[in-house]
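The values are calculated or read from the model by the stated rules, or taken from the named source; none is laboratory data. Just so you know, these numbers come straight off a predicted model, no measurement behind them. Ideal geometry is used to build each Cβ from the backbone, glycine not excepted, and the neighbour counts take in all protein chains shown.
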Amino acid sequence: MTDDQSLYFSIQEACEYLGCGRTKLYTHYLNQDLLQIKRKVGNRSFILKEDVEALLRNEALTDQIGRAHV
């Protein structure tokens with residue numbers, strides 16, 4: 001990863017940003033196609049930052065809507 005490194009999160013960085021562990025990242029977000037691995041370098045996997053940020057915004061919006069209807 002060189003010039004476009006700022007476009008991607010490693011798995012660890014994505015977990016930190018989302019506030020979840022690796023297990024939830026794989027079993028929930030990746031297995032349910034809410035996120036996709038966009039790049040592999042050796043045995044390392046990378047996810048687009050834009051996708052992670054959009055997912056987090058969507059989850060926050062869903063939480064707000066859910067609380068408004070309670």
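When each of Q32, Q36 is tested for being exposed (fewer than 15 other Cβ atoms within 10 Å of the Cβ), of a type in the set (S, T, N, Q) and touching a residue at least 12 places away in the same chain (Cβ under 8 Å), the lone residue that passes is Q36.
Restricting attention to region 17-29, the residues being exposed (fewer than 11 other Cβ atoms within 10 Å of the Cβ) and closer than 18 Å to N58 by Cα number 1.
Does at least one position in region 48-63 carry a residue that is modelled with pLDDT of 95 or more and in contact with a Lys or Arg (Cβ under 6 Å, 6 or more places away or on another chain)? Yes. Scanning region 16-35 for residues that are in a helix (DSSP H, G or I) and under 14 Å from D51 (Cβ atoms) yields Y17, L18, L25, Y29, L30.
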